[in-house]
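S.K.: Questions regarding the structure given below will be posed in turn.
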């Protein structure tokens, strides 16, 4: 008998049919002799509908009241799913975030879990019940309702699995697992049997949206084995864990991220402290800088080129223009028609020539590389956006057979 | 400066416009220097929509899960109303039933308030905030969410007013107050300036649906002065209190109740214990008997005629037929085309001739009285249903000028 935490997202519980589908998945786990804690999100578009209701009332509603409002979404799902389980003869009980013991900090709409008091959940498990928990929400020290932000239900599930020392945390979603590339675009994309936490984090950062990053970080920290699988097709998914088979695949995935813009500052004085001035300004405004390229100095000047999320490009340009005098008044420009294409895989640490093979695949397609960035388990290149899909296909072909 | 509890029903908060209307009513009370606690219901049809969602899942959902589900309705309203108040510049905070300290028994879907811990509400009032509380809901000792049943928000408001020693409890609704008769039918119906708790209770029992009976009982018990008034038309409403002006109106209202059926059992043996057998059977099935008429015995037999809610008539007939042998096998029949017409007024205690004047008004219309029932402040008659509206008009004309 194992203890399994199963998380079901909004699409998986969007209507009566899907709720019964989820109830049957839980029933099967019970029939196999397991204890189950189910963590659920709000149904389908419920959260968006609630946000629209608030927007009707106020352009800038208080965050405390937003959390009070949004927390009703999951509360509706837990009641309905529990009713469905009971209708199927499965003993079950629903718990809101605060009933399940989620204690968070005060950061409304993006709270972080500080503590999890699992007595109630454990006592319900001891009564042989399936415990259906509202994801995404908790209670702060003032006994006010908080939410963990979008994707927070994944984090709730992993935190519960860690606190309960669960044997596995299954994240049910509308895809069958983690693929080597977007299967809607790359016909030959393969579903991975397993992937390490670090690879998963790099893939997510590189634009592959399967798991919420905070939940993967938390799973890595507490070594909670995750499984990503489909709530519709009952086939094995992808296991995310600390270490995978050393003889496994060299490259775990090829990802494309188009939320990228390149900022160039030409003719910056080649003196110490210039980079600090530029990146300090951006950091103060919470603008994340990703890849940085710096030319070698010539005539006492250098060029600085770096990428930021495309969403932040306008903000970045505005703050840099306003403070131009502080770094020598060089020409500032922004380029937005670019994309980042990355390959991720822990195997590349011990295999030479991965970068060369990637660049070769791009050269064969006549694709020019504008910037390069590497980590121990990742290589990213910046190229023209319109060439990105072709680049992904070529790289995928080169590495994954 | 007074402390006022203001309760707003589902119609009063059904959409953005109505929510802002309510926010402005609260803002006016604040501007007049009062502290305000607002108790609200779920918006418009929200509760019915949630019940329909549950019905899709299960024909007989668990009552605990129903309460978990339904409690989201008021939680949505408190967040939206608080946002509207803040948008108008009024400092405000929302509290769910459990945050506001409502502790109830375990009777899911029809819980009774056992205790009210008002520290949180008082501390928010001390911070000069309007406190917006979810009506209809509380928490039981197991820390599970309960609801007080339909109309429970009135009860929440009165309980809060009592616990906080509020100066007044205002029940805002879609009518302007309590009328001497249904103003949609009796053109000359007058709005009452005031009415006693007892009169209000009798009127409610006689079919006038303005206030939930439990809330009036609670207001009487703790002597909370109630005011029933319109959330749309800003005119004085009706005050419900312990004593009204002794020189006031003799009769406070004429009411019609068509949820009535008469059950006749003919030829019951005229021996002790027969009534107990009949009414004991009905009591066990929670069927309330209202007016009872018993013929004098003749030839060792008597007839028993009594009224029950029309909704329960079939059940009553079934249980009596099944147990016929126990009370002598007399003929059992049910008549459903009847109505109860009542006049209510504490003044009739000290005025002779009220009953005579009522019967005279009916006689002048050639309306036959089938049964009569009186209390200190009420006279009810059972007549043919199709004559009920004419009877109400005639009686109203006779007493209210």
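S.K.: Compute and list, largest first, the equivalent-ellipsoid semi-axes of segment A:3-174 from the alpha carbon gyration tensor, each √(5λ) rounded to a whole angstrom.
M.R.: 26, 19, 12
S.K.: By per-residue mean of other Cβ atoms within 10 Å, what is the highest-first order of B:6-17, A:33-44?
M.R.: In decreasing order of mean packing, B:6-17, A:33-44 become A:33-44, B:6-17.
S.K.: While we're here: Which three numbers, in whole Å and largest first, are the semi-axes of the equivalent ellipsoid of segment A:135-257 derived from its Cα gyration tensor as √(5λ)?
M.R.: That gives 26, 16, 13 Å for the three semi-axes.
S.K.: What order do you get for A:146, B:180 when you list them from fewest to most C-beta neighbours inside 10 Å? Please report the intermediate quantities before stating the final value.
M.R.: Working: A:146 32, B:180 26.
Least crowded to most crowded, the residues run B:180, A:146.
S.K.: Now for a separate question. Using only alpha carbons, build the gyration tensor for the protein assembly as shown and give me the equivalent ellipsoid semi-axes, biggest first, whole Å. List each step's numbers first, then the result.
M.R.: Working: eigenvalues 947, 213, 79 Å².
Those come to 69, 33, 20 Å.
S.K.: Related question: Who wins for biggest fluctuation among B:157, B:313, B:339 in a Gaussian network model of chain B, springs between alpha carbons below 10 Å?
M.R.: B:313
S.K.: Over all pairs of distinct alpha carbons, what does the Kirkwood formula give as the hydrodynamic radius of segment A:8-69, in Å? Walk me through the numbers before you get to the answer.
M.R.: On the way: mean 1/r = 0.0732 Å⁻¹.
Radius from the Kirkwood sum: 13.7 Å.
S.K.: Distances over 21 Å make up what percent of all Cα-Cα pairs in segment B:316-401?
M.R.: Counting every Cα pair in segment B:316-401, those more than 21 Å apart make up 42 percent.
S.K.: Taking each residue of A:70-78 in turn, how many C-beta atoms of other protein chains fall within 10 Å of its C-beta, and what is the average?
M.R.: Mean inter-chain Cβ contacts per residue within 10 Å come to 4.
S.K.: For residue B:318, place a label point 7 Å from Cα along the Cα-to-Cβ direction in every copy; what are the distances to the other copies, in nm, shortest first?
M.R.: Nearest first, the other copies' label points are 7.0 nm away.
S.K.: Ok, one more. Cα centroid distance between segment B:133-175 and segment B:193-269, in Å?
M.R.: Here the answer is 19 Å between Cα centres.
S.K.: Then there's this: For the rotation taking A to B, I'd like to know which residue in chain A has the C-beta closest to the axis, plus that distance in Å.
M.R.: Spelled out, residue of A and its Cβ distance from the axis onto B: A:72, 2.
S.K.: On average, how many beta carbons from a partner chain sit within 10 Å of the beta carbon of a residue in A:50-60?
M.R.: 4
S.K.: May I pose another question? What's log10 of I(q)/I(0) for segment B:60-116 at q = 0.20, 0.21, 0.26 Å⁻¹, Debye sum over Cα points only, no solvent?
M.R.: -0.81, -0.85, -1.04
S.K.: Could you check the spin-label model distance between residue A:117 and residue B:277? Points 7 Å from the Cα along Cα→Cβ, value in nm.
M.R.: Distance between label points: 5.8 nm.
S.K.: Order the peptides A:124-135, B:164-175, B:366-377 from the highest to the lowest mean number of other Cβ atoms within 10 Å of their residues.
M.R.: On the way: A:124-135: 22.1, B:164-175: 20.4, B:366-377: 14.3.
For the peptides A:124-135, B:164-175, B:366-377, the packing ranking is A:124-135, B:164-175, B:366-377.
S.K.: In addition: Could you work out the relative contact order of segment A:103-224? I mean the mean sequence separation of Cα pairs under 8 Å and 6+ apart, divided by the number of residues, in percent.
M.R.: Contact order relative to length: 22 percent.
S.K.: Set the Förster distance to 30 Å, then compute FRET efficiency between residue A:359 and residue A:223 from the Cβ-Cβ distance, nearest 0.05.
M.R.: Computed FRET efficiency for residue A:359 and residue A:223 comes out at 0.25.
S.K.: Still on this model: Taking the label point 7 Å from Cα in the Cβ direction, how far apart in nm is residue B:128 from each other copy of itself, listed shortest first?
M.R.: Residue B:128 label point versus its equivalents elsewhere: 5.9 nm.
S.K.: A further question follows. What average number of partner chain Cβ atoms lie no more than 10 Å from the Cβ of the residues making up A:93-105?
M.R.: The per-residue average across the peptide is 3.
S.K.: In vacuo Debye scattering of segment A:188-282, one point per C-alpha: log10 I(q)/I(0) at q = 0.13 Å⁻¹?
M.R.: Rounded to two decimals, the profile gives -0.62.
S.K.: Based on the Cβ-Cβ distance of residue B:337 and residue A:52, what FRET efficiency does E = 1/(1 + (r/R0)^6) give at R0 = 51 Å, to the nearest 0.05?
M.R.: Efficiency, rounded to the nearest 0.05: 0.55.
S.K.: Taking the 0 to 90 degree range and rounding to the nearest ten, how far is the long axis of helix A:63-87 tilted relative to the main principal axis of chain A, both from C-alpha atoms?
M.R.: 50
S.K.: Follow-up question, since we're still on this one. Using R₀ = 22 Å, calculate the FRET efficiency as 1/(1 + (r/R₀)^6) where r is the Cβ-Cβ separation of residue A:17 and residue B:15; round to 0.05.
M.R.: The pair residue A:17/residue B:15 has a calculated efficiency of 0.15.
S.K.: Now for a different question. For chain B, what's the relative contact order in percent, using C-alpha pairs closer than 8 Å and at least 6 residues apart?
M.R.: Numbers: 858 pairs, mean separation 52.5, N = 401.
With pairs under 8 Å counted, the relative contact order is 13 percent.
S.K.: Okay, moving on. Computed over the Cα atoms, what is the radius of gyration of segment A:234-385 divided by 2.2 N^0.38 Å, N being its residue count?
M.R.: For segment A:234-385, the normalised Cα radius of gyration comes out at 1.24.
S.K.: Still on this model: Using a Gaussian network model on chain A with a 10 Å cutoff between Cα atoms, which of A:90, A:178, A:268 fluctuates the most?
M.R.: Top of the fluctuation ranking is A:268.
S.K.: May I ask for the Kirkwood hydrodynamic radius of chain A, worked out over all distinct Cα pairs and given in angstroms to one decimal?
M.R.: 23.1
S.K.: If you take every DSSP beta bridge fully contained in the protein assembly as shown, what fraction is antiparallel? Give it as a percent rounded to 5.
M.R.: Antiparallel: roughly 60 percent of the beta bridges in the protein assembly as shown.
S.K.: Between copies, how close do the residue A:150 label points come, placed 7 Å along Cα→Cβ, listed in nm from shortest?
M.R.: Ordered by increasing distance: 4.1 nm.
S.K.: Here is a follow-up. In segment B:3-174, what percentage of the DSSP-assigned beta bridges are antiparallel, given to the nearest 5?
M.R.: 25
S.K.: Calculate, in nm to one decimal, what residue A:284 and residue A:28 gain on full extension: separation in residues at 0.36 nm each, minus their alpha carbon distance. Don't jump to the answer; show the numbers that get you there.
M.R.: Working: separation 256, 0.36 × 256 = 92.16 nm, distance 5.05 nm.
That pair, residue A:284 and residue A:28, stretches by 87.1 nm at full extension.
Every number here is computed from the coordinates shown, using simple stated rules; none is lab data. These numbers come from a predicted model, not from an experiment. For neighbour counting, all protein chains shown are included, and Cβ atoms are generated from backbone atoms with ideal geometry for every residue, glycine included.
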